[in-house]
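Chemist: My questions will all concern the structure given below.
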Amino acid sequence: MIRVENLSKSYGKLQVLKSISLEIASGSIVSIIGASGAGKTTLLQVMGSLEKPDCGHVFIEGTDLFSLPPAKLAGFRNRKIGFVFQFHNLLPEFTALENVMIPALIAKDTKAEAREKALALLDFLNLANRKDHKPSELSGGEQQRVAVARALVNHPGVILADEPSGNLDTANALALHDLFFKLREKFGQTFVIVTHNRDLARDSDRCIEMKDGQIL
């Protein structure tokens, strides 16, 4: 599903990624662990094409992301990759339903199509009764589940999650971890998760440890 070849990335004189190569199988749940500053988030952002590497390649389903012109890359990212962040990044002025619909509308779904897909996901995530609430009216766990629904709405093959449970209490973190495995069973997506949570890392199909910009 994902192939990374000789990926390097620097910010000024600081080399954050050092010639990283790896492959991630379709339908797997992979955790990336390591101390702060190891390069985990940068690797995830480059894999998701949010950051451009200094050199190297990222292939998703055989497509070389950084060979695509900007508009095609944006379209590929919208359709093929879902993102879940630690702090949700929900738009505060929109309801839960509207937040989930946004990627589908960007992908040129009709409003009715986007609403139908978003409602189905919110129902699957036990949030149907919260669909008309704005983020400020939701708990932390509910906000994160809305963010997961938003990541899933275009049925992407890859979900990239950056410390998705880092801002949750223990109970909500466990519930989110269980949710990832249920989603994989239902939809067959590939999950790559940057985490400090050793329980999630232990339960993953594979755990990649990073240190000083390299894979150990």
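Chemist: Gaussian network model of the chain, Cα springs within a sub-10 Å range: biggest mean-square fluctuation belongs to which of 145, 79, 202?
Modeler: Highest fluctuation of the listed residues: 202.
Chemist: Something else about it: Going 7 Å from the Cα of residue 170 in the Cα-to-Cβ direction, what parts of region 198-215 have a backbone nitrogen less than 18 Å from that spot?
Modeler: Flagged as within label range: 198-203.
Chemist: Between 186, 18, 40, where does the largest GNM mean-square fluctuation fall for the chain, given springs only between Cα atoms within less than 10 Å?
Modeler: Fluctuation is largest for 186.
Chemist: Need one number: nm distance between label points at residue 64 and residue 10, each 7 Å from Cα along Cα→Cβ, rounded to one decimal.
Modeler: Placing both labels 7 Å along Cα→Cβ, they lie 2.3 nm apart.
Chemist: Protein chains only, probe 1.4 Å: how do 21, 31 rank by accessible area, largest first?
Modeler: On the way: 21 65, 31 0 Å².
The most accessible residue leads, giving 21, 31.
Chemist: If DNA, RNA and ligands are ignored and the probe is 1.4 Å, what is the ranking of 155, 88 by accessible area, most exposed first? Please report the intermediate quantities before stating the final value.
Modeler: Working: 155 110, 88 15 Å².
Order by accessible area, largest first: 155, 88.
Chemist: Right, next: What 222 nm value per residue comes from the helices of the chain, counting each DSSP H run with n ≥ 4 as -39,500 (n - 2.57) and dividing by all residues, nearest 500 deg cm²/dmol? Walk me through the intermediate numbers first.
Modeler: Working: 7 runs with 81 residues, N = 216.
Helix contribution divided over all residues of the chain: -11500 deg cm²/dmol.
Chemist: Would you count, across region 59-161, every pair of lysines whose alpha carbons are under 17 angstrom apart, provided the pair is eight or more residues apart or spans two chains? Walk me through the numbers before you get to the answer.
Modeler: Details: 72/80; 72/108; 80/108; 80/117; 108/117; 111/131; 117/131.
Taking region 59-161 as the scope, the lysine pair count is 7.
Chemist: Full-extension gain between residue 110 and residue 51, please, as 0.36 nm times their residue separation minus the C-alpha to C-alpha distance. If you can, show how the numbers build up before the last one.
Modeler: Values: separation 59, 0.36 × 59 = 21.24 nm, distance 2.98 nm.
Going from the current span to full extension adds 18.3 nm.
Chemist: Still on this structure: Enter the accessible area of residue 146 (Å², nearest 10), with the probe set to 1.4 Å and all protein chains included.
Modeler: Using a 1.4 Å probe on the heavy atoms, I get roughly 0 Å².
Chemist: Which whole-number value in Å² is the accessible area per residue of the chain, probe 1.4 Å?
Modeler: Working: 10350 Å² over 216 residues.
Each residue of the chain exposes 48 Å² on average to a 1.4 Å probe.
Chemist: Moving on. Connecting C-alpha atoms closer than 10 Å in a GNM of the chain, tell me which of 89, 154, 129 has the biggest fluctuation.
Modeler: Between 89, 154, 129, it is 129 that shows the largest mean-square fluctuation.
Chemist: For region 150-156, take each phi angle, set θ = phi - 60°, evaluate the Karplus expression 6.51 cos²θ - 1.76 cosθ + 1.60, and give the result in whole Hz per residue in order, putting x for glycine and proline.
Modeler: Values, residue by residue: 4, 5, 8, 5, 8, 6, x Hz.
Chemist: Still on this structure, I have one more. In whole percent, and with a 1.4 Å probe on the protein chains, what portion of the accessible area of region 14-141 is carbon and sulfur? Spell out each step's value before the answer.
Modeler: On the way: 3410 of 6310 Å².
That fraction is 54 percent.
Chemist: When the dipole is taken about the Cα centre of the chain, and only Lys, Arg (+1) and Asp, Glu (-1) are charged at their Cβ, what size is it in debye, to the nearest 20?
Modeler: Values: 26 positive and 25 negative charges, 76 e Å.
With only Lys, Arg, Asp and Glu charged at Cβ, the dipole is about 360 debye.
Chemist: Which whole-Hz couplings ³J(HN,Hα) result when phi for each residue of region 121-132 is put into the Karplus expression 6.51 cos²θ - 1.76 cosθ + 1.60, θ = phi - 60°, listed in order with x for Gly and Pro?
Modeler: 5, 4, 5, 4, 8, 6, 10, 4, 7, 10, 4, 9
The values are calculated or read from the model by the stated rules, or taken from the named source; none is laboratory data. Given the structure is predicted, the values throughout are model-derived calculations rather than measurements. Heads up, the Cβs are rebuilt from the backbone with ideal geometry, glycines too, and the neighbour counts pull from every protein chain shown. Heads up: the accessible areas ignore ligands, DNA and RNA and are worked out on the full protein's heavy atoms, side chains in. Shrake-Rupley method; radii C 1.70, N 1.55, O 1.52, S 1.80 Å.
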